[in-house]
Every structure is written in C-alpha cells, then in structure tokens.
Amino acid sequence: MVAEKKLYKTSLINNRRYLGNKYKLLPFITKVVSEECSDIKSVADIFAGTGAVSSAFKDKTIITNDLMYSNYICNFAWFGSQEYSPQTIIDCIIKYNSISKYEDNYMTENFANTYFSYNDCSKIGFIREDIEQNYLDGNINERERAILITSLLYAMDKIAKTCGHYDAYRKGADFDASLELFVPLAEAHNNAENECFNKDANELVKEIYADLVYIDPPYNSRQYCDAYHLLENVARWEKPDVFGVAKKMNRDKMKSKYCTQSATEAFEDLIKNINAKYILFSYNNMATKGNGRSNAKIADEDIMRILQSKGTVKVFSENYKAFSAGKSNIVDNAERLFLCTCFSEEQ
Ligand SMILES: C[S@@+](CC[C@H](N)C(=O)[O-])C[C@H]1O[C@@H](n2cnc3c(N)ncnc32)[C@H](O)[C@@H]1O
C-alpha cells in the first residue's frame with residue numbers, strides 16, 4: 001500500500017529562533033517550580049516572547065503578555081481561549097503554499113531581494129493581505145487570524161537572509177529556500193480562563209493576579225523591536241514607511257525601558273505592583289563580563305534589594321550558553337532563577 005502523501009507540514013511552538021528564548025531551560029524552570037511552589041493554579045508569563053515558558057504550564061490558567069504585537073499574536077495562537085477550526089487553517093495553508101502568481105505589493109516595493117527574494121516578498125504580502133481580508137469579511141475568527149499570521153511569521157523567519165537577526169540583510173545572498181507555511185499544532189480547546197495581552201508589563205501587573213508571575217525581561221541594551229522589526233511590521237500590517245539599510249520602520253513607541261539605564265527603576269516599580277504568591281525572575285550574570293552591548297542592565301545587589309522588599313528570596317543557577325552581541329569569549333555562564341515567595345498582604 002502506498003502511504004498517502006501529506007499535503008502540509010506542521011510546526012510546534014519552539015520551531016523558531018528568538019533571542020533569550022527559554023525553551024532549553026524548561027526542565028530547570030519546571031523543576032524549581034514543582035519543588036518550591038506549592039498550590040499553583042495560575043501562571044502569568046509577562047515578558048512571554050515566544051511563549052515557550054507558558055507552554056510548560058498548560059495544566060494551569062495561563063496569562064501571557066509581551067510589548068511586541070508579533071509576540072502577542074503568536075501567544076494568542078498557541079494559548080488563546082477562543083476555539084478554532086483546524087480544517088480552516090489546513091485549507092488556507094495549502095492554498096497559500098500553492099501560490100504561483102507574483103504581483104507587486106507593500107512587501108515587494110520595500111523588501112524585494114533584501115531579506116527575501118522578490119517572489120517570496122510577493123507571496124508574504126499577498127498572504128498577509130488575504131488573512132486580513134478574510135478576517136474583516138468574517139470568514140475566519142480572531143484565533144484563526146492569529147494562527148495564520150503565526151504560521152507566516154515562522155515561515156518568514158526560517159528563510160530570511162539576515163545578519164544576526166533583522167539588523168541587516170545579507171547582500172547578494174542566494175535565495176536557495178522559498179517560503180513554505182506549516183500548520184501550527186495549536187490546541188483547539190485551551191483553558192477557557194487563559195488571557196493574552198499586548199501591554200507594557202509594568203502597566204499589566206497593576207490589573208492582574210496570578211499565583212506565579214514569571215519575569216524574563218531583556219537583559220541588555222539590545223531592543224527586541226530592532227532585532228525583529230520586520231516580523232513586527234508584517235504582524236501589525238499597517239504598511240509604514242521604512243528607512244535605512246536594514247529597512248526598519250519607526251519604533252519609538254516600541255522601545256523597552258529594560259534595555260536602558262532606567263531598567264532598575266522599571267524593575268523596582270514592576271515588583272512593587274505585582275500581586276502574586278510567587279515571583280520567578282530569570283536573569284543571567286553577564287553584568288561585569290561580556291562587552292558593553294551585552295552587559296546586564298540590573299545589578300545583582302539591586303535585584304536582591306528589590307526582591308527582598310517583596311518577600312523571601314532563593315537563587316538557583318544552571319550553566320547556560322551566553323548570548324553576546326559582539327566578540328567576547330564567553331562560552332557559558334550561569335543562568336539564574338530568583339524565586340521570591342511574597343509576603344502576604346497582612347504583613
Ligand atoms: C528575554 S525575552 C523573553 C523570552 C521568553 N521567555 C521566551 O522563552 O521566548 C524578553 C521579552 O520581553 C519583551 N519586553 C520588553 N520590554 C517589555 C515590557 N516593558 N513589557 C512587556 N514585554 C516586554 C520583549 O519583546 C521580549 O519578547
């Protein structure tokens with residue numbers, strides 16, 4: 001018997017590249033939580049990025065949040081409480097992968113033969129427009145829209161000819177692979193209490209409660225909106241003007257305080273306003289090691305002072321490959337988890 005050839009491929013939450021993504025650290029994170037935090041029913045992942053950490057807590061109520069809309073979209077695709085039709089997603093993806101007519105659009109006009117070939121830019125522009133039109137026409141719901149955009153962002157990221165991330169494209173690169181969308185294997189029935197946000201974490205914590213709040217902010221001066229401007233541009237689909245060699249849009253409203261000299265102040269304000277039983281904070285120890293751009297923005301003394309004003313603190317560490325923006329020789333460094341068991345309200 002000849003096996004039926006599948007008309008599409010599938011993808012999982014970790015099938016993408018993302019700076020500081022904690023997928024490989026999940027065994028360490030879940031071990032600390034299961035051994036140290038009792039009676040946890042809800043987890044808020046308030047700097048969620050790819051949502052990798054939330055994916056380890058699917059048996060709990062999950063709150064995700066990220067300042068970047070592209071991450072909100074992916075998190076809503078993976079964890080959103082709205083139900084969706086997997087068949088609708090499969091049908092759209094098969095249709096998108098069979099496109100063979102290439103026309104000019106926002107993507108070809110601004111990005112042809114930079115990060116992607118002319119043909120792939122044409123496909124990306126067509127697909128993104130079609131998703132939006134289908135949503136506006138009521139043919140797909142909000143979750144289906146998010147899952148299709150997620151599939152497009154993952155597909156773009158797989159073939160983009162980038163230097164580092166989207167800081168620059170590789171001039172004269174061979175466009176050897178072409179765009180192919182995969183079907184994200186997102187649960188059709190997530191916990192009905194799950195919520196996904198696209199806010200500044202400092203504002204969000206004033207409005208939510210979770211038994212465990214997980215905090216994983218940027219460590220250094222590298223802004224995520226700079227590294228991922230093109231994915232953010234396609235997710236938002238506001239078709240802004242783009243500038244410079246890297247073809248970035250205006251990102252003034254997307255900058256994170258955690259990448260600046262005000263990081264400690266922002267962290268102090270964040271911790272003060274958190275309403276939780278436990279706070280789990282990921283921060284590595286690059287403070288005095290790597291080159292300038294990689295240096296951590298919040299000093300260990302400040303972390304301890306701020307967390308100890310909120311509860312009892314324990315620190316756990318594990319060796320982990322360091323991220324360095326330039327040519328420093330750090331091979332591995334300790335990835336730390338600070339666990340704060342919060343003082344109860346009465347204290
Ligand atoms: C280290 S990454 C998180 C990685 C994530 N834990 C994962 O496993 O993919 C930090 C994230 O914080 C987000 N971010 C930066 N400043 C923020 C803020 N003020 N509020 C919410 N999110 C923010 C960035 O967009 C980025 O996705």
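The values are calculated or read from the model by the stated rules, or taken from the named source; none is laboratory data. Keep in mind it's a predicted model, so treat the numbers as computed, not measured. Positions of Cβ are generated from backbone atoms using ideal geometry, with glycine treated the same way; all protein chains shown enter the neighbour counts.
A few comments on the model shown:
- Filtering Ala325, Ala235, Ala296 for residues that are within 22 Å of Gly49 (Cα to Cα), modelled with pLDDT of 95 or more and among the small types (Gly, Ala, Ser) leaves a single hit, Ala235.
- Cross-chain or 6+ apart pairs with Cβ under 8 Å, the stretch 256-272 first and in a helix (DSSP H, G or I), then within 10 Å of the ligand (Cβ to nearest atom) and of a type in the set (A, V, I, L, M): Lys257/Ala263; Lys257/Ala266; Tyr258/Ala266; Leu270/Ala201; Leu270/Val205; Leu270/Ile215
- Residue within the stretch 213-233 that is in contact with a helix residue (DSSP H, G or I) (Cβ under 6 Å, 6 or more places away or on another chain) and more than 16 Å from the ligand (Cβ to nearest atom) present: no
- For the stretch 15-55, the tally of residues that are touching a residue at least 24 places away in the same chain (Cβ under 8 Å), more than 10 Å from the ligand (Cβ to nearest atom) and in a helix (DSSP H, G or I) stands at 5.
- Looking across the stretch 59-76 at every residue that is in contact with a Gly (Cβ under 9 Å, 6 or more places away or on another chain) and not in a loop (DSSP other than H, G, I, E, B), the one that is farthest from the ligand (Cβ to nearest atom) is identified as Ile62.
- Tally of residues being assigned to a helix (DSSP H, G or I) and farther than 19 Å from Cys340 by Cα across the stretch 172-203: 1
- Filtered by the rule that a residue be part of a helix (DSSP H, G or I) and either surrounded by 24 or more Cβ atoms within 10 Å (Cβ to Cβ) or not assigned by TED's automatic domain parsing to the domain that holds Asn233 (or both), the stretch 113-123 gives Asp120, Cys121, Lys123.
- The number of residues in the stretch 24-57 being surrounded by fewer than 17 Cβ atoms within 10 Å (Cβ to Cβ) and hydroxyl-bearing (Ser, Thr, Tyr) comes to 3.
- Residue in the stretch 146-165 that is assigned by TED's automatic domain parsing to the domain that holds Arg236, assigned to a strand (DSSP E or B) and touching a strand residue (DSSP E or B) at 6+ places or on another chain (Cβ under 9 Å) present: yes
- Scanning the stretch 160-197 for residues that are modelled with pLDDT under 95 and among the β-branched types (Val, Ile, Thr) returns a single hit, Thr162.
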